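Report on the following structure.
The values are calculated or read from the model by the stated rules, or taken from the named source; none is laboratory data. The model shown is predicted, which means the values in this text are computed figures rather than measured ones. Quick reminder, even Gly has a Cβ in these numbers, built from the backbone with ideal geometry, and neighbours come from all protein chains shown. Just so you know, the surface numbers come from the protein's heavy atoms only, side chains and all, with ligands and any DNA or RNA stripped out. Shrake-Rupley method; radii C 1.70, N 1.55, O 1.52, S 1.80 Å.
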Amino acid sequence: MKSEYDVLVVGGGPGGAMAAKAAAEAGLSACIIEKRPAIGTPVRCAEGVGEELLTEFIDPDPRWIAAKIDGARIVAPDGGELNLSPDMAGNEVGYVLDRKIFDRELVWKAAEVGADIFVKARAVDAIVEDGVVRGAVVEYMGSRKEVRARVTIAADGVESKFARWCGIDTAVPMAELETCAQYLMTDIDIDPALTVFYLGNEVAPEGYAWVFPKGERRANVGIGISGKKSGNGHRARDYLDTFVRRHFPEGKIIELIVGGVSVCRPLACTVANGLIVVGDAARLSDPITGGGIYNAMYTGNLAGKVAADCIGNGDVSREALAVYDRTWRESTMGKAIERNYKIKEYFITLDDEKLNTLINSAKKIKMDKFSTMTLVRELIQHNPKMLVELQALKKSLG
Amino acid sequence: MFTMLNIHREVCGYCGACVSVCPEGALELIDAYLSVSDACINCGICARVCPLGALEVTNEERV
């Protein structure tokens, strides 16, 4: 590990890998430090990703695709099923990844273009001088050393500490942290090309349960609930065990995966002098689905490019790096996060009866191509009793 | 009596959900174990959100 790089990336997930790759491709010296002893493990993800979103950055490869998904099903609290065809399901059609392999592939790609990678190397503090972030203090092989960088990219995930050390409050409100538990199950009866989402306040209060196939008879079976609904005797794992007993009592559990997913708004500002924050660390996971892989890859790639531009111009101030913040907020991804945040805020107010009504009425809606606004408009037509609240939702979406 | 945050390492799945909600930045996930610093105010938010129930704020006898 050198003591100085153009770009230092804290965290070796999809966001960090894309950031280091983009920086190295632009001719910069770049280094990823990953605190864990291996890239890609432990998995803390349901591993679903949209088809179009993924192919923007990497060609699909059977080595890290566990299942190709053709459709999605939403199951209402009363058991009513809404089946979404490939055209309508949008981002829910795509792939279920094998993150252990996928994450390694992304980091390998960064290494191939010249980035340095160090595992079991942990940032223990930020180097901040005169209000400018200038790298990190890194614990590696039993000793601590300063690694200085012109731009530091915080890609340290949901448990991010780096941005906090730089003075940015990244704490997620308890109610907006989905606490999740998932089993990788085998020997279960599923449709291997269909993702299934279960809604309801008994199944998963202010969250959902999911079945994401990973092959013929295996799947990620998981659940996420709002932090404010969690407590002794009713934690994510308790809900998951109830769900599994009901749906897959004969299945075998071969992995336990736990994690937190933020469903709050993104950080108010994702840059500081010498610092860019990406992916889950910037609270960029989707407020409805909780999906964060693409958002991390998109912002990681953008961060690497903006870092290169700013370093080239000799200005890594907050104002110069702010082009990163503006670009992602104005992007399709940024707008989707804002829109989905508002939809989520509405959805968590719904009791089971209203969820049943909405899901069952959505069955009657024919859409050639999925559009949130069309869906909301149609829901208003089908549900005159919910006119006021649905119109308020529609108005908030602009 | 004083309150303190206990970490049941045998239950912890080292996922970091607790770290993200800590208002004081007192928790840190170091590879496969969780550490708590003096900044902890025993607010118990982490204990509530933990998906496994690995954290607990308890009253302890001062020795």
message = All but one of (1) surrounded by fewer than 18 Cβ atoms within 10 Å (Cβ to Cβ); (2) in contact (Cβ under 8 Å) with a residue 24 or more places away in the chain hold for A:Thr332; state the number of the condition that does not hold.
response = (2)
query = In chain B, which strands (runs of 3 or more DSSP E) lie fully inside it and hold 3 or more residues that are more than 9 Å from chain A (Cβ to nearest Cβ) and surrounded by fewer than 17 Cβ atoms within 10 Å (Cβ to Cβ)?
reply = B:2-7, B:55-60
query = Just wondering, is there one or more residues in region A:368-383 that are closer than 22 Å to A:Ser226 by Cβ, surrounded by fewer than 16 Cβ atoms within 10 Å (Cβ to Cβ), at pLDDT below 95 and acidic (Asp, Glu)?
reply = no
query = How many residues are in a strand (DSSP E or B) and either more than 17 Å from the chain's Cα centre (by Cα) or of a type outside the set (Gly, Ala, Ser) (or both) if we restrict to region A:147-205?
reply = 21
task = Filter region A:256-271 for residues that are more than 11 Å from chain B (Cβ to nearest Cβ), out of contact with any Phe, Trp or Tyr (no Cβ under 6 Å at 6 or more places or on another chain) and surrounded by fewer than 24 Cβ atoms within 10 Å (Cβ to Cβ) and give the result.
result = A:Pro266, A:Leu267, A:Ala268, A:Cys269
task = Report, by residue number, each residue of region A:243-254 that is within 14 Å of another protein chain (Cβ to nearest Cβ) and open to solvent by 50 Å² or more (accessible area, probe 1.4 Å).
result = A:Ile253
remark   = A:Ala67 passes all but one of the listed conditions (1) out of contact with any Pro (no Cβ under 9 Å at 6 or more places or on another chain); (2) crowded, with 17+ Cβ neighbours inside 10 Å; the exception is number (1)
ask   = Does A:Val221 meet the test of being within 12 Å of chain B (Cβ to nearest Cβ), outside any helix (DSSP H, G or I) and modelled with pLDDT of 95 or more?
value = no
key: Lone unmet requirement of (1) open to solvent by less than 10 Å² (accessible area, probe 1.4 Å); (2) in a helix (DSSP H, G or I) for A:Ser285   = (2)
Residue match in region A:119-128 (condition: open to solvent by 20 Å² or more (accessible area, probe 1.4 Å), away from every other protein chain (no Cβ under 14 Å) and of a type in the set (D, E, K, R)) = no
note = Within region A:150-194, the residues that are closer than 25 Å to A:Arg237 by Cα and away from every other protein chain (no Cβ under 13 Å) are A:Leu184, A:Met185, A:Thr186, A:Asp187, A:Ile188, A:Asp189, A:Ile190, A:Asp191, A:Pro192, A:Leu194
inquiry  = Taking the conditions exactly as written (farther than 22 Å from A:Ala136 by Cβ and open to solvent by 40 Å² or more (accessible area, probe 1.4 Å)), does A:Leu53 satisfy them or not?
reply    = yes
note = Exactly one of A:Asn340, A:Asn295 is in contact with a helix residue (DSSP H, G or I) (Cβ under 8 Å, 6 or more places away or on another chain), within 19 Å of A:Val172 (Cα to Cα) and assigned to a helix (DSSP H, G or I), and that one is A:Asn295
Qualifying residue in region A:225-240 (condition: within 13 Å of chain B (Cβ to nearest Cβ) and in a strand (DSSP E or B)) = yes
task = May I ask you to list the residues in region A:110-122 that are in contact with a helix residue (DSSP H, G or I) (Cβ under 8 Å, 6 or more places away or on another chain) and closer than 16 Å to A:Arg150 by Cα?
result = A:Ala115
task = For residues that are outside any helix (DSSP H, G or I) and away from every other protein chain (no Cβ under 14 Å), tally how many sit in region A:41-70.
result = 19
